[in-house]
Structure formats: C-alpha cells, structure tokens
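First the structure, in the form of structure tokens, and then the observations on it.
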Amino acid sequence: MSLLSVRNLCKNYGALEVTRNVSLDVAPGELHAIIGPNGAGKTTLIGQLSGQNAPDSGSVSLEGRDITRRSMAERVRLGLARSFQITSILPRFSVLENVAIAVQARSGSSYRFFAPVAQEAALNDAAMAALADAGLEDRAGLRASALSHGEHRRLELAIALATQPKVLLLDEPLAGTGGEEAEAFVQRLRALKGRYATVLIEHDMEAVFALADRISVLVYGEIIASGSPEVIRNDPKVRAAYLGDEEAA
Amino acid sequence: MSAFVQSATRRPVLMSARIWLALLIFAGFAALPLIAALTDDPFLMLIGTRILAYAIAAMALDLILGYGAMVSFGHAAYLGFGAYAVAILNSYGVTDLLVHILFAVLLSAVFAAITGAISLRTRGVYFIMITLAFGQMAYFFFVSLSAYGGDDGTPLQSRSTLFGRDALESDLVMFYVALALLIALFAVATRIVGSRFGRVLIGTRENPVRMEAIGLSPFRYQLTAFVISGCMTSVAGVILANQAEFVSPAFMSWHRSGELIVMVVLGGIGNLTGAIGGAVVALLLEDWLAMLTEHWRLLFGVFLILMVLYSPHGITGALERLKGARK
C-alpha cells in the first residue's frame, strides 16, 4: 500500500507540456528520487504534489485520500510537507522560532491571544529536536538571516520535519552546497531514511544514488524510466537521455 | 544550547526596554493634570484626551500595519463608528460608556469582517486602495445620515455616563478614563503580539508562502487581526466623541486615515510603544507648528520626510540607536 500515489498527472503551460501523464508511488519509509535534466519539469511536478500549482488532469492521493484539489496548507496539515529549492524562511525570526512556528502549526490552535508563545516549552523542545535532526541545534538562538547558505538548506529541512510529515517532498535540498557540506547533508538524510516516505528531487547524482530506494527519470515532463538505482544506472534510455557517455564508460 | 540561552535573554531585554518607554509615556500622561493645574490651563486636559484617543488608534493600526503588513488606508472609519455609536445610543437615551464601547466594537467587528474579507483578496497598493474605498463608503454613509446632522454632524446632549454617574462631564475624569483605556489596550496588544496568534501574524508579514508550507493559511489570521484592530480603533472614536462633545463625518475622512498612518510611521512601524509615541509627537508638533504659522503642514511635511530618510524605524528606532551607540 503506497502512502503517496500519483496518477496520470498532466499540466500544460500553453503549448508546452510540462507534466505528461506522470504516475508514481511512494511506499512508507521509501525514498523515491526524481532526476532529470534542467527544464524536465521536476519543480513543477513537486509544485503539483505540494499544492502550489494545480494539475490540468490526473490525481494525487495521500493515504488513499484524494488531495488533488486541496490547498498547500491543507496538505501540510494532512502530513505532506515540502522544502523549497530556493530557501524560503522567516528571515527576521530566530532559527528556533522558524521551527517552533512549524511545530505550533501542528499542535493546538494558533487562535491563542494571551499566553506568551516564546515560553511554551513543548513547542521549543520539539523545535530543538527537529533542529538536532538537521544539525542546527547550536544555531537555535541566531537570527535566521544570519545563517550561511548551507545552514539555510538545513533549516529548510528542519522546518519540514517539524510539521511532523508522513511524506516529505525535498526540492533540491543540496542546491548550492558542495564538498564536505553536501556530504554531511547526505549523511543526515541517510539517518532520517525510513522515518519518512520521501520524494527527493536532486541534481547531485552521487547523493541520489547513495540515498534512493527507487529512482524515476523525468525528461520533457515524462517519466521515461523508473526502478531501483541499479536498474536506472543500466537503463540505456536513461543513459542516452541523461547520464551521458562518461557514466557508461 | 548556549547561543539559544543567550538570545532567549537578549530579546526580552529589548522588549522590556520598549515597555519601559511606554510606562514612561504613561507616567508623563498621568502627571499632565498636575501641569494643567499649575499652569491653570484647562484646555490641556482636552488636548491630552485627544492625544490619548489617537494613541489608541495608532496602536491599533500598527497591530495590522506593522505586525501584519496590512496598510489600511480606511481606518478612520472605525473612529467614526466609535463616535457615532455614542451619538446614536445617546439619542435613544442609552448613555452608559461600556454599552457605547460594546456597540462601537460590534459595529466595527461586522464592518471589518466584511470589508477585510474582501480587501484581503488583494495585496500591496491594491489593498491600500480598496481599504480607502471602503473607508470612503462609510464616510459618505454618515454624510448622508441626515438624522444625525449629515455633513454638519451633531452635538452630543451629554457625555457618556460611567456606572450611572455623569463623571465624564469632568474633563479630568474623562482624561483618566482615556488613559486607563490606553493602558489596558496596550497591555492587550502587547500580549497578542507575543502570543501564538501574534507569531503567526508576524510570520504572514515575513513570508506568506512559508506559512502555507507549514500548514497555516494566512487569510484567516490576517482577517482576525484586521477585525481586532478595527474594534480597538473604535474605542478611540468613543473617546473622541466624548472629548469633542460633537460627532461628524470629519472623524472618518481619508485625511484622518492618512494621519493615523503618519503616526505609526513616525513612531516606528511594528512597535506598539512607537505608535503611541508617534501619536503624541505628531499631535504636539501639529499644535506647536500651527501656533507658529498657518503653513504648518509644510513644516510638518519637511519633518516627516527627514524622519523617514534618516530614521526609517521612527522615533523609537532613533532612541534605540542612541542607546546602542552609548554602550
């Protein structure tokens, strides 16, 4: 039984077909990576999964419930969280507050007008736990805008984790990071593997092949191959379209 | 962990600095009757009450403008609802201040909920324009309300009563009642800003898409804040009607809405103490400049431009910078 199930998703921008009949499934605890060259429609696809863009046809369901027409906020409340390719945080909040507000969104009402929220230990503790998962616990008190780029990427992850998702949509979490930083991030994602069903969009092939249980290859909005990393690595269509000759050598 | 502990103490220090400044302003107000007695200037109480009313209105506006990035250009409408609540209920023989406030708040809540729900479908300049349009609709409604003097307005038979007594007929008592209302509403607004709701409101100002991505739809929280702000502003209208013993649509003209925005900007956006200070400074400066020259608006404009250019965080921002520089 798959947790997230996508059926025959289609979307056009004018004459341009950005999503062509995409179907995919993510089982509990599975990490499903989506790769593809620039302009293949990866971010548009994750936009449709997260509710930021509406598909023209097809369906998205979470735990068997059709969520195709649900707003992004509703989907998050149902347990489908996303991180953004371009960092999207609350820059003037502290790092801790950025995460604590995500915890708050999933625990109790936000229509509380008098009790000081900064002193809610339950929120702060859960936020610290999510920060620890992202390796940012020693940055909790800083202004979010003061973090480095790599730390912003990890804050994105911590915020998504703090919403207690069932399915995690990660849109190029490694974007703009490199070297040791990227390696450390991959280690963190590996440690989280199995706790969440994950859809990962990523350009870093090393990371994808190290993490993924299953890989789908998107070219011109269409999934041309889907399978285990081994299968994808050896698929001639994928090599031709994407991986290039040096991989084959 | 150490960085976290450090900041947990750092922020409240800044918060309490603002609260200390507010307490200082309140103490200054509380001492005003003494000055009035010493200088034998009875008008000082009336001027003081007027400033207190605008301080409430500016603070209420800052709650959405500063903390929610909603620039309402129609907030004078709520001053009008407060003022007309007094006039209308008085004409039916209902004179109790608390009933007047309750009626003003209910009226404002309904108007804010309806116009806010429509206005919040827009952003930026469009939001400013649509709130202005709703404000003008309210203005012209009262202009055409001939039973209450239409354009000319109508004098009040008497001020509101307090628990059956006509205590407010004394300018001194009225002044202190207004001060008590300002302090109470400041306490409420301060708590709101630091609450769960306040955090979400500020979050929608910072990044609405991020708020949706953690499962919170900005609209409902923005609308709730809009309604709270309108209701608070109407309390200022109740005070103004009693202060002037007169009610007219002039309370709700768009100039008035603009003046409220000026007060908030002058004091420092997103800073409740600043809004109060901004109202005080704007009104005192207006009175003082008007004594010097009939072209006082020109001077006021120059002052405002200089403030915005050199101290974008307003008076409180300048004070905080001074304090920081001294350390």
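Note on segment A:208-231: residues that are more than 19 Å from the chain's Cα centre (by Cα), buried (at least 17 other Cβ atoms within 10 Å of the Cβ) and in contact (Cβ under 8 Å) with a residue 60 or more places away in the chain amount to 1. Taking the condition of being closer than 19 Å to A:Asp133 by Cβ, within 7 Å of another protein chain (Cβ to nearest Cβ) and assigned to a helix (DSSP H, G or I), how many residues in segment A:66-96 meet it? Qualifying residue count for the region: 2. Is segment A:84-106 home to any residue that is open to solvent by 10 Å² or more (accessible area, probe 1.4 Å), touching a strand residue (DSSP E or B) at 6+ places or on another chain (Cβ under 8 Å), farther than 30 Å from B:Thr190 by Cα and not charged (D, E, K, R)? For segment A:84-106, residues open to solvent by 10 Å² or more (accessible area, probe 1.4 Å), touching a strand residue (DSSP E or B) at 6+ places or on another chain (Cβ under 8 Å), farther than 30 Å from B:Thr190 by Cα and not charged (D, E, K, R): present. Within segment B:153-182, residues that are within 15 Å of B:Ala241 (Cβ to Cβ) and open to solvent by 50 Å² or more (accessible area, probe 1.4 Å) sit with their Cβ atoms under 7 Å from residues that are at pLDDT 95 or above and part of a strand (DSSP E or B), at 6+ positions apart or across chains, in these pairs: B:Pro155/B:Phe246.
Looking at segment B:272-325 only, could you name the residues that are open to solvent by less than 40 Å² (accessible area, probe 1.4 Å), out of contact with any Leu (no Cβ under 8 Å at 6 or more places or on another chain) and modelled with pLDDT under 90? Of everything in segment B:272-325, those that are open to solvent by less than 40 Å² (accessible area, probe 1.4 Å), out of contact with any Leu (no Cβ under 8 Å at 6 or more places or on another chain) and modelled with pLDDT under 90 turn out to be B:Ser311, B:Gly317, B:Ala318. So in segment A:109-168, with the set limited to residues that are among the acidic types (Asp, Glu), within 20 Å of the chain's Cα centre (by Cα) and more than 10 Å from chain B (Cβ to nearest Cβ), which one is surrounded by the most Cβ atoms within 10 Å (Cβ to Cβ)? Only one residue tops the list, namely A:Glu151.
For segment B:192-210, what are the residues that are among the hydroxyl-bearing types (Ser, Thr, Tyr) and more than 8 Å from chain A (Cβ to nearest Cβ)? Within segment B:192-210, B:Thr204 is the sole residue that qualifies.
Within the group B:Ala241, B:Ala250, B:Ala189, which residue is within 14 Å of another protein chain (Cβ to nearest Cβ) and in contact (Cβ under 8 Å) with a residue 60 or more places away in the chain?
Working: B:Ala241 fails: within 14 Å of another protein chain (Cβ to nearest Cβ); B:Ala250 fails: within 14 Å of another protein chain (Cβ to nearest Cβ).
Going through B:Ala241, B:Ala250, B:Ala189 in turn, the sole match is B:Ala189.
The values are calculated or read from the model by the stated rules, or taken from the named source; none is laboratory data. Since the structure is predicted, the reported quantities are computational estimates derived from the model, not experimental observations. All Cβ positions, even for glycine, are placed from backbone atoms using ideal geometry, and neighbour counts span all protein chains on display. Surface accessibility is based on the protein's heavy atoms, side chains included, excluding ligands, DNA and RNA. Shrake-Rupley method; radii C 1.70, N 1.55, O 1.52, S 1.80 Å.
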